[in-house]
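The values are calculated or read from the model by the stated rules, or taken from the named source; none is laboratory data. No experiment lies behind these values; they were computed from the predicted model shown. No Cβ is skipped: glycine too gets one built from the backbone with ideal geometry, and neighbour counts run over all protein chains shown. Surface areas here come from the heavy atoms of the whole protein model, side chains and all, with no ligands, DNA or RNA. Shrake-Rupley method; radii C 1.70, N 1.55, O 1.52, S 1.80 Å.
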Amino acid sequence: MKAIVCERFGDPREVAQVKEIDPPPSPDSGQVSIRVDAASVSHATELLIRGSYQSSPPLPFSPGTEVYGEIVACAADVTAFKPGDKVLALAT
């Protein structure tokens with residue numbers, strides 16, 4: 001699985017890197033894993049990468065807030081979704 005990862009805060013052109021994540025993370029309780037087909041990029045995303053947003057995520061992190069894609073795995077307690085479902089999600 002590939003992901004954009006920021007290991008430090010700074011200029012997005014310098015700190016955002018495409019990395020191979022192997023093995024892909026498994027969803028925790030109440031979570032699903034999504035194969036992302038499209039993701040948004042906004043001014044807020046840039047501020048987040050720079051460490052200038054109103055709150056900062058712990059490092060390392062994958063920036064972005066909205067995604068569209070397909071569920072590829074569900075935690076055992078997830079019953080409202082199943083692999084293959086198309087979803088639009090807001091990451092928190």
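If you go through region 27-43, how many residues are open to solvent by less than 60 Å² (accessible area, probe 1.4 Å) and not in a loop (DSSP other than H, G, I, E, B)?
Of the residues in that region, 4 qualify.
Restricted to region 1-12, and to residues that are at pLDDT 95 or above and open to solvent by 90 Å² or more (accessible area, probe 1.4 Å), which residue is farthest from Gly51 (Cα to Cα)?
Glu7
If you go through region 35-55 one residue at a time, do you hit one that is charged (D, E, K, R) and out of contact with any strand residue (DSSP E or B) (no Cβ under 8 Å at 6 or more places or on another chain)?
Yes, region 35-55 contains a residue that is charged (D, E, K, R) and out of contact with any strand residue (DSSP E or B) (no Cβ under 8 Å at 6 or more places or on another chain).
Report every pair of residues separated by at least 6 positions or lying on different chains whose Cβ atoms are under 6 Å apart, first residue within region 35-47 and farther than 14 Å from Gly10 by Cα, second in a loop (DSSP other than H, G, I, E, B).
Ala39/Gly64
Criterion first (open to solvent by 70 Å² or more (accessible area, probe 1.4 Å) and touching a Phe, Trp or Tyr at 6+ places or on another chain (Cβ under 6 Å)) does Leu59 satisfy it?
no
So Ala80 passes all but one of these: (1) surrounded by 10 or more Cβ atoms within 10 Å (Cβ to Cβ); (2) at pLDDT 95 or above. Which condition number does it fail?
(1)
Would you pick out the residues in region 48-77 that are modelled with pLDDT under 95 and not in a loop (DSSP other than H, G, I, E, B)?
Passing the criteria: Leu48, Phe61, Glu66, Val67.
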